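Novice: One structure coming up, written as C-alpha cells, with questions to follow.
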Amino acid sequence: MIQRRTAIGGVTAPRPGLLGCASGRWSLLGLLGAAGSLPLAYAADPSSPEPEPLEDQAPLPVEGGDETEVEGPQRPFTWGGMLIPLVGANPVDGLGFGFGGEIYRRPSDWEKGYDFKLTPSIYLNTRLDYTNNFVRIEWEGERRWLMMVGYQQWANLSYAGAGGASVLVDHGEAEIGNRIWTPYAFLTVNQPVGYQGWSVFGQGYARWAAVRTREDSLLDQTRPFGVDGGLYTDISLGVENREHDRWPMPIAGHVFEASVRIGSTFTPDQIRPLAGLFIEGAGWRPLFGEHLVLGGRVVFDKSTGRQPFFEQDKAAGRWRDELGSEQALAGYGRTRTRGDGLFAALVELRPALFRIQRDWFDLQTHLSLTAEIGVLYDGWSAGPPLPTLGVGLPLLWQQAVQVRPFVAWGWRAQTLGGPRRPGLQFGVSVLDAL
C-alpha cells in the first residue's frame, strides 16, 4: 500500500512520476486483466517527409569510401492496460459499484514504469445517492504533467462536524439528508532542476459546490462556512524529491514533497482568502530483498483562514487526496474526516506472495499490512487520535499498473466520550495508501 498513487516513473529517480473513486475509486471484487502489449514505433524525425525512391541511379559517393547506413524506426513504445469492475462499501455511503481502468505507455527499453497513463473511473452506490467519477492523466516529457477532472454528487450527504471529537460520533438522522454537487479539477507541472531527483512544481486547483441542507440537520444547525455553496480556488508552489528503484510499488527509496498555497473562496455574499502548508515524506526499505519491504509515511497539512466545509475532506499537495477513503484515515468514511488540517503517520509491512510471468503476462501479488495514527484540526486545535488498521492485497500488473483490494478499520463512538468501536470499510483501488 505504501507508495505514491500510480505516478509516472521508470527505474531511476529522474523518471518518477497520483493515487486514488478519488482517485481510482473503491472496489472489492474482481479484477479484469486486459492487456498484453502493443509495440508502436515512430521515425527519428517524424516531421520530415519520406523521400520518393529514385530509379536507375547509382549510389552517391560517400566521403571516406564507406556507405552510410540509414537508421530504422527508433524508440518503440509498449502500450497496455486493465479494466477493473469496482465494488465497495463503507458505513457512510453503503454498497456501490462501477468501473475503473488504466491505459499506460512506456518505451520498450524500459522494463518498469510508464511515461504516460490515463485513468478513468465511474462509481455509483446502490442507493443512487452518491456518485464519484473522474479522469486523470499523467505524462512525462521534458516536464511531468498531472491533470485530473472529476465530479462528485451526494443526494444524502452526511455531515458530522469538522476536526473535533464530533467526527467520531454517530449523530443518527441529524447527519444525513443534505445534498451537494461538486465538480473539481487541477493541473500540476513539475520541472526538473538538474539535481538528482529534485524538481519544482506549480499547481492550479478549483472546486465548485452547490449545497442544499436538510432542515434541522447538523449541517443546517451549525451552518459552517461554505454551506451556501461557492467556488474555491488555490495556487500551489513546491519542491519534490524522488529517488526509488521502481514505480509503482518501490522496494527501496524515498519521496519528499513540500508546498505552500494561497487561495480564495467565493460565496454568494463574500470572498475569503486562505493560505496553507503541505509536507509529506515516504520511504521504503527492503528487509529481505524484494520479498519483504518496510515502508512509512508522514504527512502534515494545515491551512489558515476560512476553508469551506466542502473542501475540508481533501488534503493539499500534488495529488489532492480524499481523506477517509483509500489514502488517509481509511475506515472512517470520506464525509467524516473533515478538518482545517491533518497530521498522520503510517507504517506498512509488504511481503511478496507470488509472481506469474509468461511472455507478455506479468502479475505480482503482495500482502500489505498497515497501521496509521492521525489527527484532524479544528482551527489550531487538534482533535482526538484517529487510529486505522488495514489489510490489502496489492497486485502489480506489467510492472506499471497497481490494483489494491483492501479492508480498513477506524474506531468510532456512539456518544461524545463514549467507548469507541471499530467500523469497517472495504474496496479496490488503483491508488495506494499514500
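Novice: log10 I(q)/I(0), Debye, Cα-only the range 383-434, no solvent, q = 0.23, 0.25, 0.30 Å⁻¹?
Specialist: -0.85, -0.93, -1.13
Novice: Given 5 Å bins starting at zero, what is the percent of C-alpha pairs of the range 212-314 in each, up to the one with the largest pair distance?
Specialist: In order of increasing distance, the bins hold 2, 11, 16, 14, 12, 10, 10, 9, 7, 5, 2, 0 percent.
Novice: Within a 10 angstrom radius of the beta carbon, how do ARG336, ARG212 rank from fewest other beta carbons to most?
Specialist: ARG212, ARG336
Novice: To continue, here is another question. Given R₀ = 35 Å, FRET efficiency for LEU424-LEU231 by Cβ-Cβ distance, to 0.05? Let's see the in-between values first.
Specialist: Numbers: r = 36 Å, r/R0 = 1.01.
The computed FRET efficiency comes out at 0.50.
Novice: In nm, give the distance between the simple-model label positions of ARG355 and SER264, each being 7 Å from the Cα along the Cα-to-Cβ direction.
Specialist: 5.3
Novice: Principal axis extents for the range 100-229, Cα atoms only, whole Å, descending order, please.
Specialist: For the range 100-229, the Cα spread along each principal axis is 60, 33, 25 Å.
Novice: Considering the Cα positions of the range 282-434, please state its Rg to one decimal place and its Dmax as a whole number of Å.
Specialist: Calculated on Cα positions, Rg and Dmax stand at 17.0, 58 Å.
Novice: Could I have the simple spin-label model distance between LEU287 and LEU83, label points 7 Å from Cα toward Cβ, reported in nm to one decimal?
Specialist: 4.0
Quick note: the coordinates plus some simple rules give every number you see, no bench work behind them. For clarity, every value in this text was computed on a predicted model and none was experimentally measured. Methodologically, a virtual Cβ is constructed for each residue, glycine included, from the backbone with ideal geometry; neighbour enumeration extends over all protein chains shown.
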